[in-house]
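A.B. asks: Below are the structure tokens for one structure; questions will follow.
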């Protein structure tokens, strides 16, 4: 189901609020897996539909290959969330999230690095590349 962009914005805003709450309580410096387990608890407490470790099939020349990728979190079947707890975000992390958006068709993604003193410094919002292509026309 394709959601209106305003609805996706609302979901993304709620996810960011939940992530800030998790970061406020736990702080930086824990393993990525801890944040990956706590964030869904906060999201579900706010009534959001959350799917974890969502498989992303890879099709090569019309053939599904055995290897699949996994999205950390999919919220409301519209926002892909990639959780990190690393020293710094790098372009490859954005590329990973964009790849998930392209392969799945979801329109928006959030890249979150919980290993920052202020979580807002570790947040990146990315849209499906088709959204940028439409803006240029």
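A.B. asks: Out of 70, 55, report the one residue that is closer than 17 Å to residue 32 by Cβ, touching a residue at least 12 places away in the same chain (Cβ under 8 Å) and touching a strand residue (DSSP E or B) at 6+ places or on another chain (Cβ under 7 Å).
C.D. replies: 70
A.B. asks: Filter region 1-32 down to the residues that are more than 15 Å from the chain's Cα centre (by Cα), surrounded by fewer than 19 Cβ atoms within 10 Å (Cβ to Cβ) and outside any loop (DSSP other than H, G, I, E, B) and list them by number.
C.D. replies: If the condition is that a residue be more than 15 Å from the chain's Cα centre (by Cα), surrounded by fewer than 19 Cβ atoms within 10 Å (Cβ to Cβ) and outside any loop (DSSP other than H, G, I, E, B), then 5, 6, 7, 21, 24, 25, 26 are the ones that fit.
A.B. asks: Now, a different point. In region 110-124, what count of residues is obtained for those that are over 21 Å from residue 11 (Cα atoms) and within 13 Å of the chain's Cα centre (by Cα)?
C.D. replies: Within region 110-124, residues that are over 21 Å from residue 11 (Cα atoms) and within 13 Å of the chain's Cα centre (by Cα) number 0.
Each value in this text was obtained by applying a stated rule to the coordinates, not by laboratory testing. These numbers were taken from a predicted model, which means no experiment stands behind them. Every residue, glycine as well, gets a Cβ built from its backbone with ideal geometry; the counts of neighbours run over all protein chains shown.
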